[in-house]
Every structure is written in structure tokens, then in C-alpha cells.
Amino acid sequence: MKGGRKAAVAAILVALAAAAYCFLPRVAAPQPMEDRPLALPVKDPRIVIRKAARELRLYDGAALLKRYRVVLGRGEGDKEREGDRRTPEGTYYVCTRNDRSRFHKFLGLSYPDPADAERGLGASMISRAERDAIVAAHRDKRCPPWKTALGGEVGIHGGGIGRDWTLGCIAMENRDVDELWSVLRLGDPVVIQP
């Protein structure tokens, strides 16, 4: 008899839950963030790229506006030198914009940064003059020298996201780069996380 009561109580609870569900208001499922149109204007844009998740996040101040899928360089880990095909990790800024790139549009990043320059100087990869030029470029919010042993010309660009294929850049769908292009200006911050 006890087992019968438990089954009866369970059946009643299931019926009540189903009845309550029928009276809940119907709300449309939210669109995936990637499909939502970007709300403009963006007053304080910043980018956070999460390499492990292959995701770029666009913020307006502290507010997350949109997430985008990205692909990276073919090398694993943090960029160390020219030709290693790795995407760098650190805090950078947009230092150039090229709307005639062979990869649709190109938002150049300020890699290498002063920390990269110190590492390169300590490893005898670059000269003190090269290190000083990188530090000065960052102080003045310019593009640092890109033709050193540390590498350069790293940026966010189009070209598609089928697989990791770049030499260290962050690639996106062309339509997504178009959205970022409409928002990002020179000097806007870009953080690249492992």
C-alpha cells in the first residue's frame, strides 16, 4: 500500500507541474548573441578575445554587447617570435585600420607590447633600440615596429572561420569584421586571453 501511495502522490505532482506549465506565459526564445544586430552607438568599445573558446567579445564599457566566433593562428600558446604562427596574448589596442586588406578589412593591433619587448630584449632577440622604439610607440598610441624578430602585423580581419588558418591573427566572418569596423577606432583596447 505504501508503494501505491508514493506512486499516486508522484503522479499528482507531475500532473500539477504540467498544468502549471500550461499557464506560464509564452516568451520567444532569445536569439543567439551572434545573430542579434549590434546596437549602435557604442560609446566605450573594447574587445576581449578568449583564445581557448575561439570567441571575441565586444563590450561597451562593462556591458557585453555581442560575442563572435573567431579562428586563430596555427601555433599553440603565446606568440614569441616572427614565424611561429601563434596568436599573441596580452593587452593591446587598435593601432591601424586597413579597408583594402586582402583579408577583407584589417584592424591592426599593437603587438608587440612593452612586456613582449622586455622579453625579447632579455632573450637577445631584439636590440635595446628596438625595445625602446616599441615602448615609445605604446606610450604615443602608435603601431610598434612590426619588422623585428618578435613579429608583428597581427590584427583582426575577415576571411572566414572554418578552421585555425592564420599566421597569428584573429580571423572572423567578413560580416562580423564589418560590424567591428563600424565601432572600433584607433586606440580602442583589445585584450587577448589564453
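Throughout, read-outs are computed from the coordinates displayed, never taken from laboratory work. Owing to the predicted nature of the structure, the values given are computational and were not obtained by experimental measurement. Quick reminder, even Gly has a Cβ in these numbers, built from the backbone with ideal geometry, and neighbours come from all protein chains shown.
Worth pointing out:
- Long-range HN-HN contacts of Y92 with modeled amide H, under 5 Å: V190, V191, I192
- The label point for K43 and the one for A129, both projected 7 Å from the Cα toward the Cβ, are 4.6 nm apart.
- Cα→Cβ-extended label distance, 7 Å offset, between N174 and A149, nm: 4.0
- Taking the average, over residues, of other Cβ atoms within 10 Å as the packing measure, peptides 161-172, 122-133 rank 161-172, 122-133 from highest down.
- Extending 7 Å from the Cα toward the beta-carbon at both R54 and V191 defines two label points whose distance is 2.4 nm.
- Binned Cα-Cα distance frequencies in segment 33-193 - 5 Å width, integer %: 2, 10, 19, 23, 21, 14, 8, 3, 1, 0
- Charge tally in the Cβ shell below 11 Å around L186, where Lys, Arg are +1 and Asp, Glu are -1, L186 excluded: +3
- Relative to the current alpha-carbon distance between W181 and A62, full extension at 0.36 nm per residue lengthens the span by 40.9 nm.
- Residues whose amide H lies under 5 Å from that of S101, counting only those 5 or more places away or on a different chain, are F106; hydrogens are built 1.01 Å from N in the peptide plane.
- 3J(HN,Hα) along segment 121-135, derived from phi through the Karplus expression 6.51 cos²θ - 1.76 cosθ + 1.60 where θ = phi - 60°, amounts to 5, x, 8, 6, 7, 10, 7, 4, 5, 5, 4, 4, 5, 5, 4 Hz, with x in place of Gly and Pro.
- Under-5 Å amide H pairs with L65, H placed in peptide plane, nonlocal only: L58, Y59, D60
- Dipole magnitude for segment 33-193: about 160 debye, using +1 per Lys or Arg Cβ and -1 per Asp or Glu Cβ, origin at the Cα centre.
- The order of the peptides 154-160, 80-86, 142-148 by mean Cβ neighbours within 10 Å, most packed first, is 154-160, 142-148, 80-86.
- Relative contact order %, segment 33-193, counting alpha carbon pairs below 8 Å whose residues are six or more apart: 30
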